[in-house]
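One structure, as structure tokens, below. Some questions next.
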Amino acid sequence: MKFPIFRSSLVAMASLLPLSLLALITFLTIYSWPAIQYNQFHFLWTNDWDLGNLYGDPVMEHGFQVMPHARYGIWFLIVGTVASSFIAMVLALPLAIGAAVLLAEGMRKSRAAPLSLFVDLLASIPSVVYGLWGYAVLVPLLGQHVYPAMAHALSFVPFFGGAPGSGYGLLTASLVLTIMIVPLISATLRESINMTDPALKEAGRSLGLSRLEVFWHVVLPKLRTVVIGVSILALGRALGETMAVLMVSGNALNYLPNNIYTPISSMAAFIASQLDSALQDPTNMAVQALSEIALVLLLIAVAVNVIARLILWMARVR
Amino acid sequence: MATEILETMGIKTVEKRYAPSWRRQWGNALGWLAIMAAFLILAGAFFSIIGEVVVKAFPVLRPALFAKITNGIGGGLKNAIEGSLVLSLGSLLVAAPIGMAAGIYLSEHGAGRWGSALRFLSDVLVGVPSIVLGYFGYIAMVIYLGWQFSVAAGVITLAVMLLPYIARSTELAMANIPNAVREAGYGLGAGEGHLVFKVLLPGAAPAIMTGIFYAVALSMGETAPLLYTAGWSNYMWNGHMTQEPIGYLTYVIWSFINEPFAESHMLAFAAAFLITFGVLMLILLGRWMLVRSQRKLGAYR
């Protein structure tokens, strides 16, 4: 038999794709290994990021050379990342369902096409432009007018009262993330609504249900797995978002949000903003600790994506 | 009919129209109202973003913008425009062959376990945060390989990000070609390579191009993977692949908006304008190409 040149080169090229994922995990683990050993597990739940005295002489601690008083703990980053993404997902879900229903059920196909193109375009606006919009439009608007009013009116609700802050903070970051992930959820949902067996919808209509009631009582329960899967997928996207969060979150260091207006920082934004100062550390431990954050973020993102894909796989959505 | 028969027989019928209860009517109205509101919020956000960028960028859209290089707080965007083009086209040159090979493999041989695994891993790769890719590029290329902030490091990092998108769009495009076409090719004695290059790829070209346009748009809009791989430079690119940083438009948006000068802010908005419209144009062009070619060819339908 002739050696299948085409087939084997195809396989060789294609295998670069999983290999790059493998290289990603391997490189990050190897590079951050000293930091992982030095920080151990309390890295994850202590609330204490301090590069130490960068003008002092490096000291030996537990067999590692670090700057004096250097401590690395990222609990505030984990809280900020999870809180902002979770709020964004909760806000995005009803918006996305609404937009999907309007485009799939609320109008004729010929009119829905251009409008759905426009929702898709929303997904393609670069994240740094979202960040710029948040910085230039949302932060002044929310910080000066909306948040003070909200904090005043909702002062009896936990986490909604208290100091309204400057506009940079948890809720602003969540709002920008919301607008970014709505198109993702909405596009998949719209496809799934269109793919739903028409016989089911017609059966509902013939029983006298309105279009909306058919959607609510027949279509949506059938799409429950899709909704859950695609929401988790969007959550994964929000967890890893860097530039938009970096520009509107207020970049808090070492404190936890006490209400929804408090400045926060997310893991991705922290990595992007801290490398310059980490490079000042002559022992290199700070850069390795940042690499450990990247590894943690990668593992969280991969876990979330795997769960979402498995759920969507079960629902047979590709 | 039935009513008429009944009436001729002398039996009176009362016409009773079906009417939903008030509660259901109100529920419906409120539901549609909420749905309209959701859509209007999205539309409002879209037009607010586009409007803000256009209005703020408009005063600076002068020829000088394209003729001068940045100088720290102002100047033009010549170097950044060039850098963005170099980085996106470079990453496309790296990612397109690999991604298309993966897509061809998935559509032609992807039914088995290996195909599912590859598909799954490429979906996972889509979910990897871009800043993590950037940090990986920093460790692997900038430090370990000693390339410094450079075009090569930026291009390869971006390429890894684009791979799964190109693979996916190629797979979908190829899978849309009916099996009869493949059988006809093999029946005429074509080898697999011949069939793919001479028959399947030309047939799937418009759809693949749409995917590639999307990938270029994506790479143009990225910032996070480039911060620590491509670096930033105020000067034009001098042609070196390694050791020399390069500028790009998205960096201008992020860093110049933090400067306290009005001139820097205007430059940031001008960069945002160029990037946003570049991205939107690429995506619309890709869509248009796809629709047009499908109409022209009938695309095996």
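The values are calculated or read from the model by the stated rules, or taken from the named source; none is laboratory data. This one's a predicted model, so the numbers in the text were calculated from it and none came from an experiment. In this analysis, Cβ positions are derived from the backbone assuming ideal geometry, glycine residues included, and neighbour counts consider all displayed protein chains. Areas reflect the complete protein model, heavy atoms only, side chains present, ligands, DNA and RNA absent. Shrake-Rupley method; radii C 1.70, N 1.55, O 1.52, S 1.80 Å.
Please average, across the residues of B:24-31, the number of beta carbons from any other chain that are within 10 Å of each residue's own beta carbon, and give a whole number. All intermediate terms of the calculation are to be shown ahead of the outcome.
Details: counts 5, 1, 0, 4, 6, 1, 1, 8.
Per residue, the number of nearby Cβ atoms from other chains is 3 on average.
I've got another one for you. Between the stretch A:217-268 and the stretch A:53-114, how many Å separate their Cα centres?
Measuring centre to centre over Cα atoms gives 5 Å.
Then there is this: Could you give the alpha-carbon Rg of the stretch B:18-60 over 2.2 N^0.38 Å, rounded to two decimals? Before the final figure, lay out each step's value.
Values: Rg = 18.5 Å, N = 43, 2.2 N^0.38 = 9.2 Å.
Working it through for the stretch B:18-60, the quotient is 2.01.
From the Cα gyration tensor of chain A, with a ≥ b ≥ c the square roots of its eigenvalues, which class applies: rounded if a/c is under 1.5, or else prolate if a/b is larger than b/c, or else oblate? Don't jump to the answer; show the numbers that get you there.
Values: a/c = 2.53, a/b = 1.36, b/c = 1.87.
Judged from the Cα gyration tensor, chain A comes out oblate (a/c at least 1.5, b/c at or above a/b).
Between the stretch A:170-193 and the stretch B:150-227, how far is it from one alpha carbon centroid to the other, in angstrom?
Here the two parts' Cα centres lie 27 Å apart.
May I ask for the angle, rounded to the nearest 10°, between helix A:170-195 and the longest principal axis of chain A, with both axes built from Cα atoms and the value confined to 0 to 90°?
With both axes taken from Cα atoms, the answer is about 40 degrees.
Further, regarding this structure: Ranked highest first by the average count of other Cβ atoms within 10 Å around their residues, in what order do A:205-211, A:306-312 fall?
Result, highest mean Cβ count within 10 Å first: A:306-312, A:205-211.
With a ≥ b ≥ c taken as the square roots of the eigenvalues of the C-alpha gyration tensor of the protein assembly as shown, please select rounded if a/c is under 1.5 and otherwise prolate if a/b is larger than b/c or oblate if it is not?
Values: a/c = 1.76, a/b = 1.27, b/c = 1.38.
Oblate is the answer for the protein assembly as shown, as a/c is 1.5 or above yet b/c matches or exceeds a/b.
Over the stretch B:21-151, what is the relative contact order in whole percent, taking alpha-carbon pairs under 8 Å and six or more residues apart? Mind showing how you got there, number by number?
Numbers: 39 pairs, mean separation 10.5, N = 131.
Result for the stretch B:21-151 is 8 percent.
If you don't mind, another one. If I take every Cα pair under 8 Å that is 6 or more residues apart in the stretch A:75-314, average their sequence separation and divide by the length, what percent do I get for the relative contact order?
Details: 319 pairs, mean separation 71.4, N = 240.
Computed over the stretch A:75-314, the figure is 30 percent.
What list of ³J(HN,Hα) couplings, whole Hz, do you get for the stretch A:136-150 from phi and the Karplus terms 6.51, -1.76, 1.60, once you set θ to phi - 60° and write x for glycine and proline?
Here the 3J(HN,Hα) series is 8, 10, 5, 4, x, 4, 6, x, 8, 10, 6, 5, x, 5, 5 Hz.
Taking the dipole about the Cα centre of chain A, with the C-beta of Lys and Arg at +1 and of Asp and Glu at -1, give me whichever of A:G52, A:L117, A:V82 is farthest to the positive side.
Looking along the dipole axis, the top candidate is A:L117.
While we're here: Take chain B, connect every pair of alpha-carbon atoms lying under 10 Å apart with a spring to form a Gaussian network, then pick out the residue of B:V181, B:V160, B:V54 with the largest mean-square fluctuation.
With Cα springs under 10 Å in chain B, the top fluctuation among B:V181, B:V160, B:V54 is at B:V181.
Give the angle, between 0 and 90 degrees and rounded to the nearest 10, that separates the Cα long axis of helix A:224-239 from the longest principal axis of the Cα atoms of chain A.
Tilt relative to chain A: about 30 degrees.
Could you tell me the relative contact order of chain B? Use alpha-carbon pairs under 8 Å, at least six residues apart, and round to a whole percent. List each step's numbers first, then the result.
Numbers: 387 pairs, mean separation 74.6, N = 301.
Answer for chain B is 25 percent.
Have a look at A:R71, A:R237, A:R111 and tell me which one the Gaussian network model of chain A (Cα, springs below 10 Å) gives the largest fluctuation.
A:R111
Return the calculated 222 nm mean residue ellipticity for the protein assembly as shown, to the nearest 500 deg cm²/dmol, obtained by summing -39500 (n - 2.57) across DSSP H runs with n ≥ 4 and dividing by the residue count. Let's see the in-between values first.
Details: 26 runs with 406 residues, N = 619.
Helix contribution divided over all residues of the protein assembly as shown: -21500 deg cm²/dmol.
Still on this structure: On a straight-distance basis, which aspartates and glutamates could pair with A:K222 in a cross-link, Cα separation under 17 angstrom, same-chain partners fewer than 8 positions away excluded?
Those aspartates and glutamates meeting the cut-off are A:E105, A:E191, A:D197, A:E202, A:E213.
In addition: How many square angstrom of accessible surface are buried between B and A, both sides summed, with a 1.4 Å probe and rounding to 100?
On the way: alone 18110 and 17540 Å², together 28680 Å².
So the buried area, both faces added, is about 7000 Å².
How much accessible area per residue does the stretch B:168-242 have, counting only protein heavy atoms and a probe of 1.4 Å, in square angstrom?
I get 43 Å² per residue for this part.
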